[in-house]
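S.K.: Take a look at this one; I'll ask things after.
The values are calculated or read from the model by the stated rules, or taken from the named source; none is laboratory data. This one's a predicted model, so the numbers in the text were calculated from it and none came from an experiment. Positions of Cβ are generated from backbone atoms using ideal geometry, with glycine treated the same way; all protein chains shown enter the neighbour counts. The area values use the complete protein model at the heavy-atom level, side chains included, leaving out ligands, DNA and RNA. Shrake-Rupley method; radii C 1.70, N 1.55, O 1.52, S 1.80 Å.
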Amino acid sequence: MSDVTNRHHEVVVLGAGVSGIYQIKCLIDRGIDAIVLEGDDDLGGTWYRNRYPGARFDSESYTYGYSFSREVLDEWHWKERFSGQPENLRYLNFVADKFDLRSHMVFNARVQSMVWDEDSRTWTLQLADGTTYTARFVITSIGPLSIPTTPKYEGMDRFGGRAFHTWAWPKEPLDLSGLRVGVIGTGATGIQVIADIADKVGHLTVFQRRPNWSKPLRNGPISDEEMAQIRARYDEIFTNCSASPNGFEHMPRWGFWDATPEERRALWDELYDQPGFAILGCNYAEIFFDEKANQEVSDYIADRIRARVNDPVVAEKLIPRDHGFGLQRLPLETNYFEAYNRDNVELVSLAETPIVRFDETGIETTAGHHDLDVIVYATGFDAITGGYDRIDIRGVGGVSLRDKWKDSPTTYLGVLCHGFPNLLMVAGPQSVSGSTNFPRAIETGVNWVTALLDHVREGGHTRVEPQADAEEKWVAEVQRAHERMLFRRSKGWFTGYNSNVEGHNDGRVRYQAYFGGAPRYTTVIDRATADGYPALELS
Ligand code: NAP
C-alpha cells in the first residue's frame, strides 16, 4: 500500500487525467508502491480544465469510457451519445471513488524537473513548491493537449475586460448575456464554444485566421433502453474499436474510383447524417491519400456549408482553401454554421483584416475597432510534446529531453526513450494517442506499460532502456506512415504546427504521432511483448 506522505515510491505517475486514473488503478491492484502527482487541485485532466460552454466528447460516450471494469460498464449510465464536460468529470470521479484512487493522489503537485541518477537508478522529481520525490520508475500521463497557448499581440495586457483561454474557462458560473464577446480561433474548441454561446451573448465576434472543415455531431440522449442495449453490446463495441484503424466503431472502405460519382455522393449524404466521425471513419480511404479523391469530398462538404450559411460571402469565408477535408483534425459541431445566420454574430477574417493591436476596450484589426467585454482565446495547445517540454527532464549524463526532441520527438513505440531509463510514457509522442480514438489508445498504452513493468520487476531488474537503433527504427516507421498521407502538408497539431510556439512555426514537420492505425500499432507492441522485449536493455 502506498502512503502519499512518503517522498520515495517505486512508481510515480504524473497526471490524474483519463490515463493517470487507469494507470494508478493497475499499479495498486498489483500492490506496487505508487502514487500520482497532479499539478491541478483535483483529478480529471482535460475534463477538469476544459469547462467552456459546449465542451463535450466527440467520440461516442460509450467508446470513450474505460473498458477495464465490468462493474463500471454495468453501473454507469451515459446520458448523451456525446456526453458534456460536467458529466464527463462526474464519470472520472465516479471511477476514482469506486476504486478509492484519490487516496493515492497528491494534488497541487506540479513537477518542474526530473533528474535521473545512474548510481541509485532513481528519478528525482522537484515540485514547483520545492518538495522533492524520488522514484525508481516514472510514468507520464500528462496528456497530449494540456499546455494551452495564446497569441502574442501588442497591447494584450491593456485589455480592460475579462480575457481567458478556453482551458482556463472560469469555474464559477459566467453570465455572458448582453455582453460583447470575442472568440479567437476556430479549431475544434472554438467551433464548440462559438456554436454554444451564439444565442446567449449580446454580440459575438469571431476572429478566424484559417477556417476548418466541420460537420454535424448529431448528439442525442441515451434512454434507459438504449443504455441496456449498449451494455449488452460492450464486448462487441470494444472489439470493433480495436479492429478499426481509427479506434472507433467505423471501418473505412477502399473503392473510391470503383464507385460512380453518384454512388459516392449517395454515400456522403448518408455519412453526413450519421453521428460523430462516421464521415471520416467510414469514408473511402482514398480521400486520405489521393488528392483528386480528397478534392471531390472537399467540394461536397463545401456545398453543405454553402447550404447552411445564408450570406454567400460569409459562407465562402468559412470554407477552407489551404487544406482538404479530413486533413487536419476534424471538429464536429451543433449548429455552428447556423450561428453565422444570426444578427448578433459577426465573422472577422484575419486572413483579410489581421489584428493590429489590443487596447483597453477591445481589438483593432486593419479594418477597424471591435468593442469587447470578454475575449476568449480558443487558440489551441502546445500539442503532444508541450507537457514534456515544460518539465526539465534530464536523463543519462544530464542530457535534456527538451533538447533531444528540439526538432521532433524520437521514441521507441511512443513509450520509451533512449537515454532516459525507467521513463514510461502513456499516450506519449509517436504512439496512436494523437491519431485515433483517444481513450482506446490510452487503455492500450496503460496495459502495455503495466505488462512491461511486470516483466521488469518479475525479472528482478531495476533498469529498462530501449536500444538506440530500436528507437531509430520506430521513428523511421512513424515517418513512413506519416509521409504516405495527404495531411503531411497541413498546418495543424498533427504535424506539430503551432504559430505561437517557437520552433513549431517555421514550416518544419514534427513527427508527433503514429499514423499507421491502431491495429497495426497494437500488433507491433504486442509482438515486442511476445518476443520478450528484444529491443530493451534490462538490468
Ligand atoms: P486548434 O485546433 O489548434 O485550433 C486553434 C485555433 O486558434 C485555430 O483556428 C488557429 O488558427 C487559431 N489561432 C491560433 N493562434 C492564433 C493567432 N495568433 N491568431 C489568430 N488565431 C489563432 O486548437 P483547439 O481548437 O483547442 O483544438 C485542439 C484539439 O483539442 C482538437 O484538435 C481536438 O483533438 C481536441 N479537442 C477535442 C474536443 C472534443 O470534442 N473531444 C473538443 C475540442 C478540442 P490557425 O488554424 O490559422 O492556426
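S.K.: Quote the charge dipole size of segment 244-312 about the Cα centre in Debye, to the nearest 20; the model charges only the Cβ of Lys and Arg (+1) and of Asp and Glu (-1).
M.R.: Dipole of segment 244-312, to the nearest 20 debye: 160 debye.
S.K.: Let me ask you something else. What translational diffusion coefficient, in µm²/s and rounded to a whole number, does the Stokes-Einstein relation yield for segment 23-93 at 10 °C and a viscosity of 1.306 mPa s, taking the hydrodynamic radius as the Kirkwood radius over Cα pairs?
M.R.: Diffusion coefficient, whole number: 116 µm²/s.
S.K.: Could I have the simple spin-label model distance between GLN295 and ARG30, label points 7 Å from Cα toward Cβ, reported in nm to one decimal?
M.R.: Between GLN295 and ARG30, the simple spin-label model gives 5.3 nm.
S.K.: I would also like to ask the following. Against the globular-protein guess of 2.2 N^0.38 Å, express the Cα radius of gyration of segment 244-312 as a ratio, rounded to two decimals.
M.R.: Here the Cα radius of gyration is 1.13 times the empirical estimate.
S.K.: With every protein chain left in place, what is the accessible area of LEU179 in Å² (1.4 Å probe, nearest 10)?
M.R.: About 50 Å², ignoring ligands and nucleic acids.
S.K.: Identify the trypsin sites (Lys or Arg not before Pro) of segment 360-437 meeting these criteria: DSSP loop state and at most 16 other C-beta atoms within 10 Å of the C-beta.
M.R.: Sparse-neighbourhood loop trypsin sites (Lys or Arg not before Pro): LYS406.
S.K.: Counting only protein heavy atoms and a 1.4 Å probe, tell me what percentage of the chain's accessible area is made up of carbon and sulfur.
M.R.: Answer for the chain is 48 percent, counting heavy atoms of protein chains only.
S.K.: Distance between the C-alpha centers of segment 324-398 and segment 156-211? Whole Å please.
M.R.: Computed from Cα coordinates, the inter-centre distance equals 10 Å.
S.K.: May I ask which of LYS200/LYS491; LYS215/LYS317; LYS171/LYS317; LYS215/LYS406; LYS171/LYS200 have a Cα-Cα span longer than 25 Å here?
M.R.: Listed pairs above 25 Å: LYS200/LYS491; LYS171/LYS317; LYS215/LYS406.
S.K.: Taking DSSP loops as anything outside H, G, I, E and B, show the longest stretch in the chain free of GluC sites (Glu not before Pro) there with at most 14 other beta carbons within 10 Å.
M.R.: 155-351
S.K.: If a paramagnetic tag sat 7 Å from the Cα of PHE68 along the Cα-Cβ line, which residues of segment 448-481 would have the backbone N under 20 Å from that point?
M.R.: 448-458
S.K.: Follow-up question, since we're still on this one. Between LYS215 and residues 5 or more places away or on another chain, which pairs have amide H atoms under 5 Å apart, with H built 1.01 Å from N, and which residues are they?
M.R.: Here GLU333 satisfy the definition.
S.K.: Something else about it: Taking the C-alpha atoms of segment 69-171, how large are the radius of gyration and the largest Cα-Cα span, Dmax, in Å?
M.R.: So, for segment 69-171, Rg and Dmax equal 19.6, 54 Å respectively.
S.K.: Here is a further query. Could you give the length gained by full extension between ALA128 and ILE319, i.e. 0.36 nm per residue of separation minus their alpha carbon distance, to one decimal place?
M.R.: Taking ALA128 through ILE319 to full extension adds about 64.3 nm, to one decimal.
S.K.: Quick check on segment 232-366: what does the Kirkwood estimate of hydrodynamic radius come out to from the alpha carbon pairs, in Å?
M.R.: By the Kirkwood definition, the hydrodynamic radius is 17.4 Å.
S.K.: Nearest 10 degrees is fine. How inclined is helix 518-530 to the longest principal axis of the chain, computing both from alpha carbons?
M.R.: On a 0 to 90 degree scale, this one is about 0.
S.K.: How much length is gained on full extension from GLU75 to GLU472, taking 0.36 nm per residue of separation minus their Cα-Cα distance?
M.R.: Result for the pair: 138.5 nm of gain on full extension.
S.K.: Sticking with this one: Antiparallel as a % of all DSSP beta bridges within the chain, to the nearest 5?
M.R.: 40 percent
S.K.: Distances over 19 Å make up what percent of all Cα-Cα pairs in segment 339-417?
M.R.: Across segment 339-417, Cα pairs with separations above 19 Å total 60 percent.
S.K.: Which values, in whole Å and largest first, are the semi-axes of the equivalent ellipsoid of the chain obtained as the square root of 5 times each eigenvalue of the Cα gyration tensor?
M.R.: Semi-axes (√(5λ), whole Å): 37, 27, 24.
S.K.: Ordered by residue, what ³J(HN,Hα) values in Hz, to whole numbers, does segment 143-156 give under the Karplus form 6.51 cos²θ - 1.76 cosθ + 1.60, where θ = phi - 60° and Gly and Pro are x?
M.R.: x, x, 9, 10, 10, x, 10, 10, x, 10, 10, 4, x, 4
S.K.: Let me ask another. Looking at ILE24, THR131, GLY368, which one has the Cα that reaches farthest to the positive end of the dipole of the chain (charges on Cβ: Lys, Arg +1; Asp, Glu -1)?
M.R.: The residue sitting farthest along the positive end of the dipole is GLY368.
S.K.: If each DSSP helix of 4+ residues adds -39,500 (n - 2.57) and the sum is divided by the residues in the chain, what number results at 222 nm, nearest 500 deg cm²/dmol?
M.R.: It comes out at -9500 deg cm²/dmol, rounded to the nearest 500.
S.K.: Still on this structure: Apply 1/(1 + (r/R0)^6) to the Cβ-Cβ distance of ALA243 and ARG308, taking R0 = 41 Å, and write down the FRET efficiency to the nearest 0.05.
M.R.: FRET efficiency, ALA243 to ARG308: 0.75.
S.K.: From the backbone phi of segment 100-117, what are the Karplus-calculated ³J(HN,Hα) couplings (6.51 cos²θ - 1.76 cosθ + 1.60, θ = phi - 60°) in whole Hz, Gly and Pro given as x?
M.R.: Using θ = phi - 60°, the values come out as 6, 7, 4, 5, 9, 10, 10, 9, 6, 10, 8, 7, 9, 8, 9, 10, 8, 10 Hz.
S.K.: Using modelled amide H (1.01 Å from N, peptide plane; none on Pro or chain starts), what sits under 5 Å from the amide H of VAL356, excluding residues fewer than 5 places away?
M.R.: GLU364, THR365, THR366
S.K.: Another question, then. Using a Cα-Cα cut-off of under 23 Å, which lysines could be cross-linked to LYS25, ignoring same-chain neighbours fewer than 8 residues away?
M.R.: Candidates past the 8-residue exclusion: LYS98.
S.K.: Let me ask something additional. When only the heavy atoms of the protein chains count and the probe is 1.4 Å, how do THR63, THR523 rank by accessible area, highest first?
M.R.: Result, largest first: THR523, THR63.
S.K.: State to the nearest 20 debye the size of the charge dipole of the chain about its Cα centre, where the only charges are +1 on K and R beta carbons and -1 on D and E beta carbons.
M.R.: That gives the chain a dipole magnitude of about 580 debye.
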